[in-house]
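Asker: One structure is given below, represented as structure tokens, and several questions about it will come after.
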Amino acid sequence: MRPDLQTSLTRSHIEPAKLSTFQRIVLTTDGTLTEILEAYLFEQIKMVKLSEQLIRIEQELHHLELTSGSEVIERKILLQGKISRKNFIYAESILVPERLDERFKNELLKSKTPLGRLWLEHKMETFKEIVDSVEEAAGELGVYFNLEKEERMLSRTYRVFSNRKPIMMITEKFPESYFRKDF
């Protein structure tokens, strides 16, 4: 495992040896999660938008090199099985609209296409850097996964660069009980 990923997991008190192979893949890969889930689950995945809004941030966002008052798109979604209707991933994204290609930004706002698929469709060159991994209580997100508030979730946060500038930061969360079985 790359040293930076190992550091992120252990800093967050997540013991990689206690994770299934697929949980480690989800927490450490820089691939597009939708395709990875479809391959693992053998089910098509659809995106369900929970919210998406243009806002001005109230404090500096160091990871995106933004100052207070900058305009961002805040987006919350679920990745859900098309057949099972089961929610597999909850994701929050913060995107910097002024750093996005106009066509990409318009499709992002108007479609229900997951970000990873948009990157592929637009042949967008990206670099992803994982900045954190966390194990935490489900809290209010438990409702999307039929979990009690105190049940555990795992997450990763990464930032996405294009043209050497950070264009978005994404946090993806899933129940600790998911993806436990190795094949």
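The values are calculated or read from the model by the stated rules, or taken from the named source; none is laboratory data. Everything numeric in this text was worked out from a predicted model, so none of it was measured. All Cβ positions, even for glycine, are placed from backbone atoms using ideal geometry, and neighbour counts span all protein chains on display.
Asker: Is one or more of the residues making up segment 21-31 surrounded by fewer than 14 Cβ atoms within 10 Å (Cβ to Cβ) and either in contact with a Cys (Cβ under 9 Å, 6 or more places away or on another chain) or β-branched (Val, Ile, Thr) (or both)?
Answerer: Checked segment 21-31: at least one residue is surrounded by fewer than 14 Cβ atoms within 10 Å (Cβ to Cβ) and either in contact with a Cys (Cβ under 9 Å, 6 or more places away or on another chain) or β-branched (Val, Ile, Thr) (or both).
Asker: Quick one: in segment 66-88, which of the residues that are out of contact with any Ser or Thr (no Cβ under 9 Å at 6 or more places or on another chain) and among the hydrophobic types (A, V, I, L, M, F, W, C) is farthest from TYR158 (Cα to Cα)?
Answerer: The selected residue is ILE83.
Asker: Among the residues of segment 127-155, what is the count of those that are closer than 19 Å to LEU50 by Cβ and touching a helix residue (DSSP H, G or I) at 6+ places or on another chain (Cβ under 9 Å)?
Answerer: Of the residues in that region, 5 qualify.
Asker: Take the residues in segment 122-150 that are under 16 Å from TYR178 (Cα atoms) and out of contact with any strand residue (DSSP E or B) (no Cβ under 7 Å at 6 or more places or on another chain); name whichever of them is surrounded by the most Cβ atoms within 10 Å (Cβ to Cβ).
Answerer: That would be GLY142.
Asker: Also, quick follow-up: Of all helices (runs of 4 or more DSSP H) completely enclosed by segment 41-152, which ones contain at least 3 residues that are modelled with pLDDT of 95 or more?
Answerer: So the answer is 142-145.
Asker: So, in segment 44-59, how many residues would count as being under 19 Å from SER84 (Cα atoms) and out of contact with any helix residue (DSSP H, G or I) (no Cβ under 8 Å at 6 or more places or on another chain)?
Answerer: Total meeting the criteria: 4.
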